[in-house]
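Reading through the structure tokens given below for one structure.
The values are calculated or read from the model by the stated rules, or taken from the named source; none is laboratory data. Small disclaimer: the values here were computed from a predicted structure and weren't measured. Methodologically, a virtual Cβ is constructed for each residue, glycine included, from the backbone with ideal geometry; neighbour enumeration extends over all protein chains shown. Areas reflect the complete protein model, heavy atoms only, side chains present, ligands, DNA and RNA absent. Shrake-Rupley method; radii C 1.70, N 1.55, O 1.52, S 1.80 Å.
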Amino acid sequence: MDLSKMGKFLEGKKALIFGVANERSIAWSISKALSEAGATMGFTYVPALESRVRPLAEQLNAEIIEPCDVTSDEDLDKSFKAVEDKWGKFDILVHAVAFANREDLEGRFVDTSREGWRIALEISAYSLVAMAKRAAPLMNENGSIIAMSYYGAEKVIPNYNVMGVAKSALESSVRYLAADLGVEGIRVNAISAGPIKTLASSGIAGFKKMLGYVADRAPLRRNVTQEDVGLNALYLASDLASGVTGEVIYVDSGYNITGM
Ligand code: NAD
Ligand code: 0WE
């Protein structure tokens, strides 16, 4: 993707990103796209990952780099306080955070424990609501909130299990948040991305086979790239998507439209 040929669609806009773990994170390709389009960047990171995230954030001249475990209301409060102190108002919030216990991403969904369900739904879905509540009072008119989803939200994907339930909750939350925040001029959407090799997907049994399966069957006959997702996030973040809210947009080479 030659981003240098793209318009400066986000000049003067400020973007806060949750979910960069390393240079293969989807949040990182989204960040590069938003930054190239002129956005000023801010990042939060899981405390243990500071040494990985800080150098990346500095590459994009980030003005905010804050530790935040999304299970902590205190951490979330501190992160948005930092935004208020540094920026006052901001424009774009990216949620690219998910977690389930490893043992809940294999075997039978029926064996999901109460605690496994709680962890997956809290980190992967409730966190969007917790962020939106704190972000909304700080967001400018025409603000944009973007979350990352996956097809396992609506169809059964082997082993995705409780994460599928969490993504269903996330997509539904996107619609309820869009209804609440629309009156303040804030749009809320999700990108449902096809499988991409990242920290969260590597080590999933059979992941490489899944990539081949999708590339063989998707209308575009290929897997999606990090750039595909970054460009769609740029669209949703910008005024190009000014009339779009509450949507789940598929960046999946068209895989979801196929029946047989
Ligand atoms: P990733 O591992 O790079 O990103 C997941 C992020 O979640 C990491 O940065 C991690 O630090 C963060 N996180 C986990 N627990 C957290 C907590 N308690 N507090 C704060 N942050 C926490 O992997 P990724 O594939 O880039 O995932 C990003 C998003 O994209 C996720 O929502 C994922 O479900 C979604 N997604 C991924 C794919 C794929 O195939 N990789 C496809 C569709 C959607
Ligand atoms: O949302 C995801 C991955 C989310 C994820 C991944 C992990 C791995 C490491 C959440 N929690 C954890 N916990 C860990 O300990 N994706 C869309 C990528 C993904 O994950 C799968 C997939 C796909 C695609 C898991 C099973 C089947 C397919």
Considering only the stretch 137-237, give the helices (runs of 4 or more DSSP H) lying wholly within it that have at least 3 residues that are open to solvent by 30 Å² or more (accessible area, probe 1.4 Å), closer than 25 Å to Ile92 by Cβ and in contact (Cβ under 8 Å) with a residue 60 or more places away in the chain.
226-237
Scanning the stretch 203-243 residue by residue, the ones that are within 20 Å of the chain's Cα centre (by Cα) and of a type in the set (D, E, K, R) total 3
Are any residues in the stretch 105-130 crowded, with 23+ Cβ neighbours inside 10 Å and not small (Gly, Ala, Ser), and if so, which ones?
Leu128
Matching residues, the stretch 171-209, being over 23 Å from Tyr235 (Cα atoms) and of a type in the set (Phe, Trp, Tyr)
Phe207
Yes/no for Ala33 being over 16 Å from the mean Cα position of the chain (by Cα), under 22 Å from Ala135 (Cα atoms) and in contact (Cβ under 8 Å) with a residue 24 or more places away in the chain:
no
Restrict the check to the stretch 244-251 and report whether at least one residue is open to solvent by less than 40 Å² (accessible area, probe 1.4 Å) and more than 19 Å from Asn142 (Cα to Cα).
yes
Residues that are under 16 Å from the mean Cα position of the chain (by Cα) and β-branched (Val, Ile, Thr): does the stretch 96-109 have at least one?
yes
